Amino acid sequence: PMPEYLKEQDRSHECMKLISTLPTKPGWVVTALYNYQGFWHTARQLQGVISCQKHYKAHDTDILLVTTPKSGTTWLKAILFALVNRTRFPQHHDHHPLLSNNPHVLVPFLELKLYVDDENPDFSSFASPRLFSSHLPYNSLPKSIGDSQCKIVYLCRNPKDTFISLWAFTNKLRLQEMGINSLEETFDKFCEGVSLYGPFWEHVLGYWHESLKHPDKICFMTYEGMKEQPELHLRKLGDFLGCPFSIEEDKESVVEGILEICSFDNLSNLKVNKEGKLSSGEDNSTFFRKGEVGDWKNHLTTEMVERLEKICEEKLEGSGLKF
Ligand code: A3P
């Protein structure tokens, strides 16, 4: 059977009507991407986008992880889950949920999971604080997120590694008979902003500017920062979310324990992540590839690097943000 993520039809009447009015371009995995509120979406995810925009009511205690695709979402989902649930599930717990569940199951996407086929998802299994995630750009977030006290953790990654990771990931999602996308062709699309939840730069800048205005509401993080100083950033997350690590916890090396459970080696070697699948059809293993900074050096030509750097310079000029 065709995996859910490839399904483009079966959208609601409202969604099909909206889609018929939107600019469209060929997708990287499915046939078409649609431009909604300035960013590119698949038909399947659009259904979830309009539904969560309409129906999601944020609680003041909710925590929302927003990321650009392939920036380390899976990793940060695991870290946030372990962090906010560390009393319920200490790191040495034999049945820690991260040992038998993919992080995407523990911290579901609003528009790709909870609201994708359901206007009224069941939240009864979520303990407070509820942890959700999204790839939505700032301007497309459900309104109740801005109106409530809920916190946003935003994660992005340098565009060169983001692009390589996205290129590799989307090729894995294509069925064999679809063939694979060339690096050159997809690179052009990425540079032109036609990528999943792209344009990449506008996505990042939207959250960057908001995080400067509202540092208590939005914590802006990068994959490179997490890789370089994981302890520091985990502590920063604890402070930001109002659950700082105590002296007792430091004596028990809780920070190190969380980072160990969530490490690439640990997560990628678990049975659930080697053999399991998401309900939307993706193999859990597709979310673990190399987990390194700088893999772009093995793929991009000098011309490609120059082109990306030039775009970065133009787009980020004056923002104070650098990759
Ligand atoms: P690479 O393709 O560069 O290896 P996302 O979770 O947003 O889809 O991002 C996927 C990227 O994060 C992949 O990057 C993946 O290997 C990396 N990743 C997954 N789990 C990780 C972990 N525990 N630690 C560090 N990187 C991880």
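Note on the range 241-295: among residues that are within 9 Å of the ligand (Cβ to nearest atom) and either over 30 Å from residue 159 (Cβ atoms) or among the β-branched types (Val, Ile, Thr) (or both), the one that is least open to solvent (accessible area, probe 1.4 Å) is 286.
Can you pull out the helices (runs of 4 or more DSSP H) entirely within the range 232-323 that have at least 3 residues that are over 19 Å from the mean Cα position of the chain (by Cα) and of a type in the set (Val, Ile, Thr)?
Numbers: elements: 247-251, 254-261, 264-268, 271-275, 302-316.
Answer list for the range 232-323: 254-261, 302-316.
With respect to the conditions (1) over 28 Å from residue 302 (Cβ atoms); (2) under 16 Å from the mean Cα position of the chain (by Cα); (3) open to solvent by less than 50 Å² (accessible area, probe 1.4 Å), residue 151 falls short on a single one, namely (3). All told, residue 298 falls short of being closer than 24 Å to residue 169 by Cβ, surrounded by 14 or more Cβ atoms within 10 Å (Cβ to Cβ) and of a type in the set (S, T, N, Q). Any chance the range 216-239 includes a residue that's within 14 Å of the ligand (Cβ to nearest atom) and in contact with a Pro (Cβ under 9 Å, 6 or more places away or on another chain)? No; the residues of the range 216-239 include none that is within 14 Å of the ligand (Cβ to nearest atom) and in contact with a Pro (Cβ under 9 Å, 6 or more places away or on another chain). With respect to the conditions (1) at pLDDT 95 or above; (2) open to solvent by 10 Å² or more (accessible area, probe 1.4 Å); (3) of a type in the set (A, V, I, L, M), residue 127 falls short on a single one, namely (1). Summed over the range 105-117, the residues that are assigned to a loop (DSSP other than H, G, I, E, B) and open to solvent by 70 Å² or more (accessible area, probe 1.4 Å) give a count of 1.
Taking the conditions (1) open to solvent by less than 20 Å² (accessible area, probe 1.4 Å); (2) in a helix (DSSP H, G or I); (3) within 18 Å of residue 137 (Cα to Cα) in turn, residue 209 satisfies each one other than (1).
Only one of the numbered conditions (1) open to solvent by 20 Å² or more (accessible area, probe 1.4 Å); (2) within 12 Å of the ligand (Cβ to nearest atom); (3) among the polar types (S, T, N, Q) is violated by residue 165, and that is (1). Can you tell me which residues in the range 202-226 are among the charged types (D, E, K, R) and under 23 Å from residue 295 (Cα atoms)? Selection gives 224 alone.
Is one or more of the residues making up the range 84-104 in a helix (DSSP H, G or I), open to solvent by 10 Å² or more (accessible area, probe 1.4 Å), in contact with a strand residue (DSSP E or B) (Cβ under 7 Å, 6 or more places away or on another chain) and away from the ligand (no atom under 12 Å from the Cβ)?
Yes - at least one qualifying residue is present in the range 84-104.
Just the residues that are part of a helix (DSSP H, G or I) and surrounded by 20 or more Cβ atoms within 10 Å (Cβ to Cβ), please, taken from the range 212-225. If the condition is that a residue be part of a helix (DSSP H, G or I) and surrounded by 20 or more Cβ atoms within 10 Å (Cβ to Cβ), then 223 is the only one that fits.
Regarding residue 184, is this residue in contact with a Gly (Cβ under 6 Å, 6 or more places away or on another chain) and either surrounded by fewer than 23 Cβ atoms within 10 Å (Cβ to Cβ) or within 19 Å of residue 41 (Cα to Cα) (or both)?
Working: in contact with a Gly (Cβ under 6 Å, 6 or more places away or on another chain): no; either surrounded by fewer than 23 Cβ atoms within 10 Å (Cβ to Cβ) or within 19 Å of residue 41 (Cα to Cα) (or both): yes.
Against the criterion (in contact with a Gly (Cβ under 6 Å, 6 or more places away or on another chain) and either surrounded by fewer than 23 Cβ atoms within 10 Å (Cβ to Cβ) or within 19 Å of residue 41 (Cα to Cα) (or both)), residue 184 does not qualify.
The values are calculated or read from the model by the stated rules, or taken from the named source; none is laboratory data. Worth saying up front: this structure is predicted, and the values here are computed from it rather than measured. Counting neighbours? That spans all protein chains shown, and the Cβs are built from the backbone with ideal geometry, glycine included. Note: accessible area is taken over every heavy atom of the protein model, side chains too, but ligands, DNA and RNA are not part of it. Shrake-Rupley method; radii C 1.70, N 1.55, O 1.52, S 1.80 Å.
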